[in-house]
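Q: The structure that follows is given in the form of structure tokens.
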Amino acid sequence: MLRNSLRTGIAVAALLAAAPAAFSQELTIGLRAGPDSIDPHWSTLGSQAEALRHIYDTLVDADETLQLKPGLAVSWEPVTDTAWDFKLREGVTFHDGTPFTAEDVKYSIDRIPNVTGPMSMTLYTKYVESVEVIDDYTVRVHTKGIAPALPNDFTRMFIVPSETGEGAGNEEFNSGEAAIGTGPYKFVSWEPKGDLVLERYEGHWRGDTPWERVVRKEIPDDAARVAALRSGQVDLINYVPATDFLSMENDPDIETFTSDSVYILNVQPSVKDEEPQPIRVNGEEVEGNPLQDLRVRKALDLAINRQVLVDVVLEGLGTPANQLMPEGFFGYSDEIGEKEYDIEQARELLAEAGYPDGFEIDFTCTNNRVPGDAVVCEALAQMWSRLGLTVNAQALNGTVFFPAAANEEYTMAMSAWGTLTGEAAYTYGAMVHSKDPEKGFGNFNRTGYSNPEFDEVFVEGTQTLDTEARRALYEQASVIAMEDRALIPTVILQTVWAAEADTLEFKPRVDQETRAWVIEPTSE
């Protein structure tokens, strides 16, 4: 933990004063979740992307507020209505010494549809028609139509060498054989659900990081993660639980770092003709799916006391959510007011829908995806019980939850989603638009929701180059989706990291990522 490779002494002190870069250190981070694979094209999960950014660079990067900045591409511009040119960074090499070129970009983009992970990365290539290599450091991406958000999507476009080969899969990546990127750290070893060990890649194009060795230690249990920090087993932890926040904030030996985030816990009611898990009244399965009735979805929404979720359940570490993105994001609508809590109106709507005594329903959530997901899950079940519902709440580890969610096995579920590109196309195109594999929309629509009016407005937005006209269309789409209760947003989460006091300089990010190369030891 911040272990110095040089020992104390007069000669050492002189050396440090003359050459601080020689003072190599190790950083150990305790994280709630880590990667599920070392293949960067395996999954869209935030914990996956966060970990693998250390090994692989993306074509476009984003700062701590999600403003775009150069990555492996130093610039980009549309050259026609359906083509973008990306100018690539020269002089970059992969960890094995191979030069980085446009062929690697083309290979990486073309590879994504062929990787069959649990959460497809085609979310980020949905606009891509084809990729053309212009020269070693220029790549032209031809799109299926006008695609103003393409650079935003490429903040998750991880680049691997073109020599990786079609046969490389999880076995080759997880062993390290194929884990070759251009990132600031080289792969050393990985134990699933355990430690990801990395070593500094000398001469990275961003400059050398202060850490010679980084250990990303997966510790899913909140209490164990806090204990690991207090005992000195780790230097920094993420996702400080709400129950420990105040005590840690007031502890002079601990420093906390708090940030708003882009992540919202959304309830996902299945509106399919046949619900995946049966809904019952008095022990008997009901005919049809009650969640198809807008009055039922409105009742569920009205029965949620979001202020209680924030103030009591999350102990202040959040804000009430009224739509699928935080305020200020591109496509956020000011027309949508604060969500109302009205249990009496909720009961009336449920009775009008034909369920005066409620019904029994399964409700499945994650328990390790983001801070507070499990406790919010339980709190929602209790709030809905006031409607007369019997809610069978179950919070599952993400490794169980997400594959089942991808198979659409849940009648009503909740997990976190963050608008990681800062604009509506990312979220509404993935989660609300009707399933349309050809266009690449609806690939995270697990509910069966489909509204032609929404689809038409949204698609028009994706094809509109004028910024303000596109914003207005996305705002209109937001209103339609929220009036329909296509999804039911609950709270926007805040994130807390913690470290031993006065040891680290750390700037939180709204996407909750913990990037080792921008963390520095505190200057003495």
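Q: If the requirement is being within 29 Å of Gly318 (Cβ to Cβ) and in a loop (DSSP other than H, G, I, E, B), which of these qualifies: Asp260, Asp251?
A: It is Asp251.
Q: Among the residues of region 262-299, what is the count of those that are touching a strand residue (DSSP E or B) at 6+ places or on another chain (Cβ under 6 Å) and either crowded, with 23+ Cβ neighbours inside 10 Å or under 19 Å from Val432 (Cα atoms) (or both)?
A: Total satisfying the criteria: 10.
Q: Name the pairs whose Cβ atoms lie under 7 Å apart, with the first residue in region 476-489 and over 14 Å from Thr427 (Cα atoms), the second buried (at least 19 other Cβ atoms within 10 Å of the Cβ) and of a type in the set (Asp, Glu), and 6 or more positions between them or separate chains?
A: Arg485/Asp301
Q: All but one of (1) in contact (Cβ under 8 Å) with a residue 24 or more places away in the chain; (2) open to solvent by 10 Å² or more (accessible area, probe 1.4 Å); (3) closer than 30 Å to Tyr332 by Cα hold for Asn407, so report the exception by its number.
A: (1)
Q: Criterion first (of a type in the set (Phe, Trp, Tyr) and either in a helix (DSSP H, G or I) or closer than 23 Å to Tyr263 by Cβ (or both)) does Tyr355 satisfy it?
A: The answer is no for Tyr355.
Q: Out of Leu493, Leu487, Leu473, Leu465, report the one residue that is touching a Gly at 6+ places or on another chain (Cβ under 6 Å), aliphatic (A, V, I, L, M) and more than 30 Å from Ala223 (Cβ to Cβ).
A: Within the list Leu493, Leu487, Leu473, Leu465, the selection yields Leu473.
Q: Something else: For the condition in contact with an Asp or Glu (Cβ under 7 Å, 6 or more places away or on another chain) and modelled with pLDDT of 95 or more, what is the one hit in Gln268, Gln233, Gln277?
A: Gln277
Q: Another one. Spot the failing condition for Gly422; the list is (1) touching a Phe, Trp or Tyr at 6+ places or on another chain (Cβ under 8 Å); (2) open to solvent by 10 Å² or more (accessible area, probe 1.4 Å); (3) within 22 Å of Pro276 (Cα to Cα), and only one is missed.
A: (3)
Q: So, one more: Any residue at all in region 494-513 that's buried (at least 16 other Cβ atoms within 10 Å of the Cβ), outside any strand (DSSP E or B), under 20 Å from the mean Cα position of the chain (by Cα) and polar (S, T, N, Q)?
A: Yes, there is a match, as at least one residue in region 494-513 is buried (at least 16 other Cβ atoms within 10 Å of the Cβ), outside any strand (DSSP E or B), under 20 Å from the mean Cα position of the chain (by Cα) and polar (S, T, N, Q).
Q: Among the candidates Ile134, Ile159, which residue alone is open to solvent by 50 Å² or more (accessible area, probe 1.4 Å), β-branched (Val, Ile, Thr), over 24 Å from Ala406 (Cβ atoms) and in contact (Cβ under 8 Å) with a residue 24 or more places away in the chain?
A: Matching residue, one of Ile134, Ile159: Ile134.
Q: I've got another one for you. Could you tell me whether region 55-76 includes any residue that is outside any strand (DSSP E or B), of a type in the set (A, V, I, L, M, F, W, C) and either out of contact with any Phe, Trp or Tyr (no Cβ under 9 Å at 6 or more places or on another chain) or open to solvent by 10 Å² or more (accessible area, probe 1.4 Å) (or both)?
A: Taking every residue of region 55-76 in turn, at least one turns out to be outside any strand (DSSP E or B), of a type in the set (A, V, I, L, M, F, W, C) and either out of contact with any Phe, Trp or Tyr (no Cβ under 9 Å at 6 or more places or on another chain) or open to solvent by 10 Å² or more (accessible area, probe 1.4 Å) (or both).
Q: Among the residues of region 100-129 satisfying the criterion of being open to solvent by 50 Å² or more (accessible area, probe 1.4 Å) and at pLDDT 90 or above, which is farthest from Ala83 (Cα to Cα)?
A: Asn114
Q: Just give me the residues in region 339-361 being touching a strand residue (DSSP E or B) at 6+ places or on another chain (Cβ under 7 Å) and aliphatic (A, V, I, L, M), in sequence order.
A: Ile361
Q: What pairs come out if I take residues in region 442-463 that are more than 17 Å from Glu409 (Cβ to Cβ) and pair them with residues that are aromatic (Phe, Trp, Tyr) whose C-beta lies under 6 Å away, six or more apart or interchain?
A: Listed pairs, sorted by first residue: Phe458/Tyr428; Gly461/Tyr474.
Q: Of all residues in region 328-352 being open to solvent by 60 Å² or more (accessible area, probe 1.4 Å) and not in a loop (DSSP other than H, G, I, E, B), which is nearest to Ala472 (Cα to Cα)?
A: Gln345
Q: Another question about this same structure. Please name all residue pairs, on different chains or six or more residues apart, with Cβ atoms under 6 Å, provided the first residue is in region 114-131 and is within 19 Å of Gln463 (Cβ to Cβ) and the second residue is hydroxyl-bearing (Ser, Thr, Tyr).
A: Leu123/Thr44; Tyr127/Thr143; Glu129/Thr143
The values are calculated or read from the model by the stated rules, or taken from the named source; none is laboratory data. Source: prediction; values computed, not measured. Here Cβ is always computed from backbone atoms with ideal geometry, including for glycine, and neighbour counts include all displayed protein chains. Note: areas computed on protein heavy atoms with side chains; ligands, DNA, RNA excluded. Shrake-Rupley method; radii C 1.70, N 1.55, O 1.52, S 1.80 Å.
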